[in-house]
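So the structure is just underneath, and the comments pick up after that.
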Amino acid sequence: MKGKALRPQDAQKLIFDTYLNHYFDLLFPDPQNLEQTLVLAVSNNVSSARIFDIRLASLATRAKVDYLVTYNIKDFLGIASLNCAVPEKILEMLA
């Protein structure tokens, strides 16, 4: 992880202010997401830890999210219709 580490109190406030107040939706994989992940992994010759990035990208694109928030934007380059942003950028947009 890059960026400034959050203190436990800051993390608690962030989670309450975003997820628990329903500012953001929580997404969970379903069987179709897992099938799409496997198809993408095979068709793109993805292996090892990269498959977890593909799973997240699949979940985000199927849910039509506005942004996937990550410090690892480079891991998601080239995935069609997926906008990525670092957390600081999202916080700026929300301010």
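Heavy atoms of the protein chains alone define the surface here; on that basis the range 1-86 has 77 Å² accessible area per residue at 1.4 Å probe size.
When P(r) over Cα pairs in 10 Å bins from 0, in percent is calculated for this entry, the matching label among [x] 14, 42, 32, 11, 0; [y] 16, 56, 27, 1; [z] 16, 47, 28, 8, 1 is [x]. Note on the chain: with neighbouring protein chains present and a 1.4 Å probe, carbon and sulfur make up 59 percent of its accessible heavy-atom surface. Would you mind telling me which residue in D75, D25, D66 has the biggest mean-square fluctuation in a Gaussian network model of the chain, where springs connect alpha carbons within a distance under 10 angstrom? Evaluated over the chain, the most mobile residue of the options is D25.
Summary value for the chain: 20 percent relative contact order, contacts being C-alpha pairs under 8 angstrom separated by 6+ residues.
The values are calculated or read from the model by the stated rules, or taken from the named source; none is laboratory data. Everything numeric here is computed off the predicted structure, so don't read it as measured data. These accessible areas exclude ligands, DNA and RNA; they are computed on the full protein's heavy atoms, side chains included. Shrake-Rupley method; radii C 1.70, N 1.55, O 1.52, S 1.80 Å.
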